[in-house]
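The numbers here are math on the coordinates, done by the rules we state, and not lab data. In this text the structure is predicted, and so the values were computed from the model without any measurement. Backbone-built Cβ (ideal geometry, glycine too); neighbour counts: all protein chains shown.
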Amino acid sequence: LLDRLLDRSHAVRRAAVEALMLLGDERALDGLKTVLLCDENNRVRCEAAKALRHFADPSSVSELLEALDADADSYVRYAAAEALGTIAEDSALDGLERALLHDDNDFVRYAAARALGEIGDPSSASTLIRALNIKNYHVWHAAAESLWMMDEEVMPYVIDGFMSDQNALRSAALKAALWLSAEYDDLEMANRAEWEVFDTWGWLN
């Protein structure tokens, strides 16, 4: 199977990646990392990122960060962000924060926001708060949920936002405070219209 990672057919290479993931043998890690960064086919690279997520080995963080930062294909970057969230190493924070604020694809930004929540380091709160100003619903909602998961640990960053001389950051901090202080029943909210929920909290993004 490792030999087939060099096959001239991208369909064979992709099948080999999937098979190696299912086998779960750590001897496949180096080959999968190489595929992630070097294979010419975007679908093969994407499957390699998914396989590395399955292994969840911290040794893959460096390659996944490189893919998140530099791969031209948004599906590969998305899969890399998901893998970094599953591995949950603090060393991925900077790369994920950069992707959340600056990637040109909303799906990638969404995955980066969720990954930051899975890692759960409150030092990423400032970036997540800034992301509440992003217009895409899925992106800012993922950022808000990640802040929610960190709970009261993010409040010092929210307060810092209130003190900022940047209007946009103060606005984002207000959204974060409203989100974190809202008390609601999940079942009740699930049965209410989305606009009504936001109107209850006093803001619309």
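Which of the peptides 166-178, 35-47 is most tightly packed, and how do the rest follow, going by the mean number of other Cβ atoms within 10 Å of each residue?
Top to bottom by mean Cβ count within 10 Å: 35-47, 166-178.
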_Partner lysines for K50 [C-alpha distance under 25 Å; skip if fewer than 8 residues away on the same chain]_ = K33
*Among the aspartates and glutamates, which fall within straight-line cross-link reach of K135, defined as a Cα-Cα distance under 16 Å, with same-chain neighbours fewer than 8 residues apart omitted?*
D103, D104, D106, E145, E194
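Is the shape of region 105-187 best called rounded, prolate or oblate, per the rule: a/c under 1.5 gives rounded, else a/b larger than b/c gives prolate, else oblate, with a ≥ b ≥ c the square roots of the Cα gyration tensor eigenvalues?
Working: a/c = 1.38, a/b = 1.15, b/c = 1.20.
Judged from the Cα gyration tensor, region 105-187 comes out rounded (a/c under 1.5).
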